1. Given a cut-off of under 8 Å on Cα pairs at least six residues apart, what relative contact order in percent is computed for region 15-120?
2. List the extent of the Cα atoms of the chain along each of their three principal axes, largest first, rounded to whole Å.
3. To make sure I understand the rule: partners must be aspartates and glutamates, Cα under 15 Å from the Cα of K64, and not fewer than 8 residues away in the same chain. Which ones qualify?
4. On alpha-carbon atoms, Rg over Rh for region 78-120 using Kirkwood Rh?
5. With both partners inside the chain, how many of the DSSP beta bridges are antiparallel, as a percent to the nearest 5?
6. Using a 10 angstrom cutoff on alpha carbons, build the Gaussian network for the chain and name the most mobile of G16, G26, G42.
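Derivation of every value follows stated rules applied to the coordinates shown; laboratory data play no part. No experiment lies behind these values; they were computed from the predicted model shown.
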Amino acid sequence: QVQLVESGGGLVQPGGSLRLSCAASGSIFRINVMGWYRQAPGKERELVAVITSGGSTNYADSVKGRFTISRDNAKNTVYLRMNSLKPEDTAVYYCNAHIVVVTTGLYDYWGQGTQVTVSS
């Protein structure tokens, strides 16, 4: 019954900003690492940013200084603030979370993805 739902994707001009959100719901006991990945057409999926339950973060070199990941543990939600967007940021962005599910154990969950398109 656990699911991840992303939102916030859309069309933006180069230099613009977007804020992605991913909310986890269901029989959640604990969420460990949460992160954002992206996949552009013809490219392999790549890690964008991750954040631990304690707030430690890590970013891909291509987005350092432009993107900020954060989380609200009370809401089981992770965010990705994207500033100074470039055309090469165009991709489907996927939320990922390592979740300890009530009774059954640890699982790795993926959201359905939200499209980000950066274009004039």
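1. For region 15-120, the relative contact order is 33 percent.
2. So the three principal-axis extents are 49, 25, 23 Å.
3. E46, E88, D89
4. Reported Rg/Rh, Kirkwood definition of Rh: 1.16.
5. Roughly 95 percent of the DSSP beta bridges within the chain come out antiparallel.
6. Among G16, G26, G42, the largest mean-square fluctuation in the Gaussian network model of the chain belongs to G42.
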